[in-house]
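Inspection log for the structure reproduced underneath, given as structure tokens.
Taken together, the values in this text are just the output of simple stated rules run on the coordinates, not laboratory data. All values derive from a computational prediction rather than experimental measurement. Reconstructed Cβ throughout: ideal geometry from the backbone, glycine too, with neighbour counts over all protein chains shown.
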Amino acid sequence: MTKLTTTITNNKLISGQYGDIAFGPWGLECSDQHSFVTLTDQPRNAKQVGDIWHLSGGRIRIAYETRKPTSNTVGLKLRIQALDEILLQDAVIRLVFDKAAIKYGRIADKTVHHTNSDKYRLYPTNKVTLIGKDGVTISVTLDHADGAGRFDPYMYLRDRGDHWIIHARMLPSAPVDQVWLRWANRFFTLSAPGWFSALLWRMPVFKKLLWRLRERMGRHCPEIQAVPLNRLKAGQSLSMEVTCHFQ
């Protein structure tokens, strides 16, 4: 029987192994227009003081839990509470798996092979599956999501570099409070005026084209896309619960 081993430190999964499949680190992400919160990379324009994060648009309190409830599952919980009124892009539980021992992935009844496309295959689904070359199956399920009536749950499967990346993700629901139309590269980020972004967003053809364009098209697309943001009032929260099943 294949054994699941994990290293969980300070309530975060650092690494793990299931058969030939290695995985980790796992964490969370959250963004407003100018700040990026992460546990596995370098935060931008965000300062952590205990469980409180100071973003450019306001303060949030983050509760994040990693546990191993059974011998073949790992559970993750995320709760983001607004301490000030704040506009947010998203909230994410992030899982990373080494690609070497994984044959392919499945999401929304679609089979995905790793080509380093860096496409965010995003769907309003509650399950993503990875199939190992040795026949094992890893299923990530979104078991609970509460978007405070302003955010909807999605999952995505992404093939990037030497890894498969799975996100359980809360994104703004319609009608959105603000749209950020941006062009970003390694040297600078240009943002369109808010009135112009809102005008394009009201035109269905431009809305469909520009909504998270770079994410949908992958690494060969310029960093041009429209990113909606919705407002959380002070005291409101976003929450998600995810289970990773190893079989």
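Quick notes on this one:
- Taking N as the residue count of region 13-153, its C-alpha radius of gyration divided by 2.2 N^0.38 Å amounts to 1.14.
- Residue separation of Thr111 and Thr5 scaled by 0.36 nm, minus their Cα-Cα distance, works out to 35.4 nm of gained length.
- Volume per residue for region 135-247 equals 149 cubic angstrom (convex hull of Cα atoms).
- Sequence-distant aspartates and glutamates (8 or more away, or on other chains) whose Cα lies within less than 17 Å of Lys68: Asp143, Glu241
- Reach of Lys99 by Cα under 22 Å, taken over lysines that are not fewer than 8 positions away in the same chain: Lys3, Lys12, Lys110, Lys119, Lys127, Lys133
- A compact globular protein would have a Cα radius of gyration near 2.2 N^0.38 Å; the ratio found for the chain is 1.01.
- Two-decimal log10 I(q)/I(0) for region 79-127, as the Debye equation yields it once each C-alpha is a single scatterer, q = 0.19, 0.22, 0.28 Å⁻¹: -0.83, -0.99, -1.34
- Taken along the Cα-to-beta-carbon direction at a fixed 7 Å, the label points for Ser191 and Arg219 span 2.9 nm.
- Two-site FRET efficiency, Asp146 against Asp20, from Cβ-Cβ distance with R₀ of 45 Å, rounded to 0.05: 0.80
- Which of Thr40, Gly75, Leu122, positive extreme of dipole for the chain (C-beta unit charges): Leu122
- Length available on full extension from Ala184 to Val49: 0.36 nm per residue minus the Cα-Cα distance, which gives 45.7 nm.
- Region 11-33 and region 47-61: distance between their alpha carbon centers, rounded to Å: 22 Å
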